[in-house]
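The values are calculated or read from the model by the stated rules, or taken from the named source; none is laboratory data. Values in this document were obtained by computation on a predicted structure and should not be read as measured data. Cβ placement follows ideal geometry from the backbone for every residue including glycine, while neighbour counts extend to all protein chains displayed. The accessibility values were calculated without ligands, DNA or RNA, using every heavy atom of the protein model including side chains. Shrake-Rupley method; radii C 1.70, N 1.55, O 1.52, S 1.80 Å.
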Amino acid sequence: MFATIRRYTILGEPSAADTEATRRRIQDAFVPMIKDLPGFHGYYMLLSGGVLITMSLFETEQGIHASNRKAAEFVMQARLPVQVGPPEIVEGALGIALEPAVAH
């Protein structure tokens with residue numbers, strides 16, 4: 001399993017409405033762009049404290065690279081309500097992947 005974490009610095013001080021609109025736009029427009037990529041396992045987003053952090057999980061390294069390309073295209077074209085700087089990107093193979101036990 002592979003992960004890519006993108007950390008964007010939020011420029012300015014967005015309103016609560018802009019923050020919520022950004023969350024919705026990412027959920028409604030970006031997530032559909034990556035969820036059909038081969039090997040997709042999950043997507044997570046944290047928007048708080050002046051940063052926007054996302055994590056995408058894929059079965060292969062090619063999946064995380066494709067996700068990063070899609071993210072770059074999306075940020076350039078989407079005109080998000082919250083303005084962000086260029087991302088810091090960390091990617092690689094997961095060293096530990098713990099999933100919750102299934103209750104019987």
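Which log10 I(q)/I(0) values, to two decimals, does the chain give at q = 0.15, 0.16, 0.20, 0.22 Å⁻¹ under the Debye formula with one point per Cα?
With no solvent term, the Cα-only Debye profile gives -0.63, -0.70, -1.02, -1.17.
Counting only residues 5 or more places away or on other chains, whose amide H sits under 5 Å from the amide H of PHE40 once H atoms are built in the peptide plane?
For PHE40, whose amide H was placed from the backbone, the distant partners under 5 Å are GLU59.
What trypsin sites (Lys or Arg not before Pro) does region 4-104 have in DSSP loop regions with at most 13 other beta carbons within 10 Å? Write down the numbers at each step before the final one.
Details: sites: ARG6, ARG7, ARG23, ARG24, ARG25, LYS35, ARG69, LYS70, ARG79; in loops: ARG79.
Of the trypsin sites (Lys or Arg not before Pro), the ones in loops of region 4-104 whose Cβ has at most 13 other Cβ atoms within 10 Å are ARG79.
Where in region 1-72 are there chymotrypsin sites (Phe, Trp or Tyr not before Pro) that are in a DSSP coil and have at most 10 other Cβ atoms within 10 angstrom of their Cβ? Don't jump to the answer; show the numbers that get you there.
Values: sites: PHE2, TYR8, PHE30, PHE40, TYR43, TYR44, PHE58; in loops: none.
Answer by residue number: there is no such site.
If you roll a 1.4 Å probe over the chain with all protein chains in place, what percent of the accessible area is carbon or sulfur?
Details: 3810 of 6730 Å².
Carbon-and-sulfur percentage of accessible area, whole number: 57.
Step through the residues of region 31-47 one at a time and calculate ³J(HN,Hα) from phi using the Karplus curve (6.51 cos²θ - 1.76 cosθ + 1.60, θ = phi - 60°), rounding each to whole Hz and writing x for Gly and Pro.
Once θ is set to phi - 60°, the couplings for region 31-47 become 4, x, 5, 10, 5, 9, 5, x, x, 4, 10, x, 9, 9, 9, 10, 10 Hz.
For region 35-81, rounded, prolate or oblate, judged on the Cα gyration tensor with a ≥ b ≥ c (square roots of eigenvalues), a/c < 1.5 rounded, else prolate if a/b > b/c?
Values: a/c = 2.63, a/b = 1.50, b/c = 1.76.
Cα axes put region 35-81 in the oblate bin.
In square angstrom, what is the accessible area per residue of region 25-85 with a 1.4 angstrom probe? Spell out each step's value before the answer.
On the way: 3410 Å² over 61 residues.
Normalised by residue count, the accessible surface of region 25-85 is 56 Å².
Considering Cα pairs under 8 angstrom that are at least six residues apart, work out the relative contact order of the chain and quote it in whole percent.
Numbers: 149 pairs, mean separation 48.0, N = 104.
RCO, the chain: 46 percent.
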